[in-house]
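Taking it in order: structure first as structure tokens, then the write-up.
The values are calculated or read from the model by the stated rules, or taken from the named source; none is laboratory data. Just so we're clear, the structure is a prediction, and the values are computed from it rather than from any experiment. Cβ sites come from the backbone with ideal geometry, for glycine too, and all protein chains shown count toward neighbours. Note: areas computed on protein heavy atoms with side chains; ligands, DNA, RNA excluded. Shrake-Rupley method; radii C 1.70, N 1.55, O 1.52, S 1.80 Å.
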Amino acid sequence: MLKKILIVSGPTATGKTDLAVELAKKYNGELVSTDSCQIYKGLDIGTGKDQPEETPIHLVDIINPDQKFSVAQFQKAGLEVINKLHSQNKLPILVGCSGFYLDSLINPNYNTFSIKPNKIWRIISKKISVKTLQKIYKILDKSDFSKLNNSDVNNHYRLTRKIEIKLSSKNKKITNNQNFDILHISLIAPLDFLYNRIDKRVQKRIDIGFFDEIKNLLKKYSWSDPGLQIGAYQCLKPYFKNKKPEILEDCLQKWRYAEHSDARRQSTYFKSRYQQKAHFFNITSSAFKDKILKLISKWYNKS
């Protein structure tokens, strides 16, 4: 019998985690995060990390901010968690908005383990700015570039690896031999609605201590570390480096716009990537949750 996996995807601020927790309690499930930002320990407020008490969530807080972590490493860790949950007769519920992380777990043709680091390219890339890497990757794969979130777009290491894979003669798809029965729920909403939610969430993160979180992180880590390349932290970097109160609002506005940009990218990605495979539900529609529960019940109880 095929092993079941439930996916709750969608752009930021659509309420994915709250829905996933509700479903986990109903169907004996546990959450598996597919968020590329929430893997870092200590980056809690800036990444909007949810730690639900009602159910376990896997693949958060797995590395330190100064450590590198590839999609291939995530795939290995994620499949191990999924297989473990299946062995315990629990339903893995994948939740998050990082499309590439999600794809690495459910796409049977997604595997880059065979592509080893190119030492010459690594030496060259260290001398290249993030903006130049962006231009190179955009030339190599404009479609994929348009689907990257703000953190990936501005992450030197991840761009280096993506270019490395594209340039490799071994850049071919190899099956990961997984055999899953997948139901993919993807939440959507009008962008204006999401922007309003995002702006409120940014303010909430400031109110609950985001500045203190950054100060504590800088006692142990530097701005060049992979974890601090995440958009929320980079947007506040000029304020913390220059100590000029007058630039604070500009930094905050840059952060809001970066989150808006992520919401647009993620909306485009999920609609284009999973148009034929996912069930889309507008969270502003009446009774959308009832429709989701009905769909899941039918799928879950099917042998």
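Worth a mention:
- Restricting attention to region 79-99, the residues that are touching a helix residue (DSSP H, G or I) at 6+ places or on another chain (Cβ under 6 Å) and either farther than 26 Å from R264 by Cβ or part of a loop (DSSP other than H, G, I, E, B) (or both) add up to 2.
- Flag for K241 being more than 20 Å from N150 (Cβ to Cβ), basic (K, R) and open to solvent by 70 Å² or more (accessible area, probe 1.4 Å): no
- Scanning region 207-229 for residues that are at pLDDT 95 or above, under 23 Å from Y157 (Cα atoms) and not in a helix (DSSP H, G or I) turns up K219, K220, Y221, S222, W223, D225.
- Residue count for region 36-56, restricted to those that are open to solvent by 30 Å² or more (accessible area, probe 1.4 Å) and not in a loop (DSSP other than H, G, I, E, B): 0
- Residue match in region 261-281 (condition: more than 27 Å from L23 (Cα to Cα), open to solvent by 20 Å² or more (accessible area, probe 1.4 Å) and in contact with a Cys (Cβ under 6 Å, 6 or more places away or on another chain)): no
- Residue in region 50-72 that is aromatic (F, W, Y) and over 25 Å from I230 (Cα atoms) present: no
- Number of residues in region 257-303 that are within 19 Å of L183 (Cα to Cα), among the β-branched types (V, I, T) and within 17 Å of the chain's Cα centre (by Cα): the value is 0.
- Selection within region 282-303: residues that are open to solvent by 60 Å² or more (accessible area, probe 1.4 Å) and part of a loop (DSSP other than H, G, I, E, B). The member of this set that is farthest from T12 (Cα to Cα) is S303.
- Where a residue in region 131-145 is within 13 Å of R265 (Cβ to Cβ) and its partner, wherever it lies, is assigned to a helix (DSSP H, G or I), with Cβ under 6 Å and at least six apart: F145/Y137; F145/K138
- With respect to the conditions (1) under 28 Å from P190 (Cα atoms); (2) open to solvent by less than 30 Å² (accessible area, probe 1.4 Å), D18 falls short on a single one, namely (2).
- Among the conditions (1) out of contact with any helix residue (DSSP H, G or I) (no Cβ under 7 Å at 6 or more places or on another chain); (2) surrounded by 21 or more Cβ atoms within 10 Å (Cβ to Cβ); (3) acidic (D, E), the only one that D103 does not satisfy is (2).
- Every listed requirement among (1) in contact with a helix residue (DSSP H, G or I) (Cβ under 9 Å, 6 or more places away or on another chain); (2) touching a residue at least 24 places away in the same chain (Cβ under 8 Å); (3) among the charged types (D, E, K, R) is met by K271 save one, (1).
- Within this structure, E249 fails the test of being surrounded by 14 or more Cβ atoms within 10 Å (Cβ to Cβ) and among the acidic types (D, E).
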